[in-house]
Every structure is written in C-alpha cells, then in structure tokens.
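See below for the structure under consideration.
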Amino acid sequence: MRIIEENKTKEIIHTCNKCGCKFAYTEDDVYNNMYGTVVSCPSCQEEIILKEFNRPFQFPDSYFYFGGKDSKIIDNETIEREVKKGIKYCLEHNEYQWFTAYGNMFVEVNWLTGDESFDITVAQNYYNQTISEEEAKELIS
Ligand SMILES: [Zn+2]
C-alpha cells in the first residue's frame, strides 16, 4: 500500500491554552517560528507550539531558516540600498557596526577604522537562532 497524496485539508481541533478558544486548523496553517512548529490562535494570535525543535541545540534543526518557501525574497536593488544606508549610518553616527535583517536578507556593515576599510556581509537564505546564556554555557561544557 502507498499514499498517492496526503490529505492536507484534514482538520485538527485544538484549544488555545491562552484564551481557551476552540478552533480547527489544517496542515496549511502550520508554520515554523524560533521555537518549533506552531499554529497561530485565530482569536488571540498566540503562537501555539505543536512540536518543539529538537534538543540538544543543533544545526539546522534548532535554527530558524530565513529563506523558506514563505520568506519574502529581497531583490538586489534593495540590498544595495541597505548596504549604502549602513555605510552612511556608521560614518554619520561614528558607529562601528550596523546591521539589518528582513525577509530572506541579512546585511551587516563593520567599519574597521584601524584598517580604514568597511567589511560588508550580505547573507540570503540564512539560519539564525537566539539562545540564553545558560543554554550557551551548557552547549560548550
Ligand atoms: Zn487564543
């Protein structure tokens, strides 16, 4: 026996643990956030974790991927504009670092004043995660 096509319209009933709203969702309503696979409560918008990312903390399962099929693709023109904005910001505010991130784009500008140069990083479709100091110390122990 084999499955020809999964029924993605199958409804699953869930009760929000924040507001108590009982609602039905399908596989199409499910997405990932920093903590795991979630569904958003249609009443209070609380993100309900259906499946937490694997522990221990490991790449790439524990990371959020900025570049999945639901990501906004940032075009080259916009990236160019952000790089210029970063350089301008550093020079005008005497700051050594500037960064921005949205959609599938990450841009970081570092002013290396000792070298009289700018180090510019552009990343697309990248992975990111934030962990507590406690988790970080456990990770390297
Ligand atoms: Zn709710």
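The values are calculated or read from the model by the stated rules, or taken from the named source; none is laboratory data. Note that the structure is predicted; figures quoted are calculated from it, not measured. Please note: Cβ atoms are built from the backbone with ideal geometry, for glycine as well, and neighbour counts cover all protein chains shown.
Quick notes on this structure:
- Residue pairs whose Cβ atoms lie under 7 Å apart, sitting 6 or more positions apart in sequence or on different chains, and linking a residue in region 11-36 that is away from the ligand (no atom under 16 Å from the Cβ) to a partner that is among the acidic types (Asp, Glu), are 26/11; 31/70; 35/52; 36/52.
- Tally, over region 37-59, of residues that are within 14 Å of the ligand (Cβ to nearest atom) and of a type in the set (Phe, Trp, Tyr): 0
- For the condition among the acidic types (Asp, Glu) and in a helix (DSSP H, G or I), residue 135 qualifies.
- Residue ranges of strands (runs of 3 or more DSSP E) in region 1-88 with at least 1 members aromatic (Phe, Trp, Tyr) and at pLDDT below 90: 64-66
- Among the residues of region 71-108, those that are under 20 Å from residue 130 (Cβ atoms) and within 14 Å of the chain's Cα centre (by Cα) comprise 71, 100, 101, 102, 103, 104, 105, 106.
- Scanning region 96-120 for residues that are surrounded by 12 or more Cβ atoms within 10 Å (Cβ to Cβ) and either of a type in the set (Val, Ile, Thr) or within 23 Å of residue 59 (Cβ to Cβ) (or both) returns 99, 100, 101, 102, 103, 104, 105, 106, 107, 108, 109, 120.
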